[in-house]
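Shown next, in structure tokens, is the structure this report addresses.
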Amino acid sequence: MLATRMFVLSLLLIIRITAQPPEPDLTGRWSGVAETTDEVGTKRQEKQILEIRREAGKLTGNRIDKAGKSGLKLDVQQAGAKINVYVYLDFEGGEPLRWKLELQDGNLTGTFSAQHHNPAKWIYDRVGSLTMTKDK
């Protein structure tokens, strides 16, 4: 009787683990415009293009620059339909950029933020909403 119960419980556990939906495929080129506001209320529209790919089983990618060329390498962390993307601009004191996004209705929706590490050169950090669509 105990062996049968253990077998059934083990089988149910296996079914539950294998029945979980796979993580959505977030690879590809995504673009959008971040509507940012800094600490003194200055509003900006900042075009964002990210190219996400899978290498050795992990997500990675590059930020695409204004000329359309592959730029800085991205650190991409995925948890289901949510991703956090990071890059560090190493100039004039440094500036970490972060995209915190979630796949909703085929778009990546969330926020873009830029924080400066050298307040003597860069006074204002900025953050704002962002919706990115996948390029075809």
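Just so you know, all these numbers are worked out from the coordinates, no wet-lab data involved. Predicted model only: the values in this text are computed from it and were never measured. Here the Cβ is made from the backbone with ideal geometry for all residues, glycine too, and neighbour counts use every protein chain on show.
What to note about this one:
- Potential extension, GLN45-ASP65 segment - 0.36 nm per residue separation minus Cα distance: 5.7 nm
- Reachable lysines, given that their alpha-carbon falls under 28 Å from the alpha-carbon of LYS43 and they are not under 8 places away in the same chain: LYS66, LYS69, LYS73, LYS82, LYS100, LYS121, LYS134
- Length added when fully stretched, LYS73-ARG54, from 0.36 nm per residue minus Cα-Cα: 5.6 nm
- Fraction of alpha-carbon pairs over 20 Å apart in the range 23-134 - percent: 39 percent
- Net dipole in debye of the range 23-134 [+1 Lys, Arg Cβ; -1 Asp, Glu Cβ; about Cα centre; nearest 20]: 280 debye
- Using a Förster distance of 35 Å, the FRET efficiency for ILE14-TYR88 (Cβ separation, nearest 0.05): 0.25
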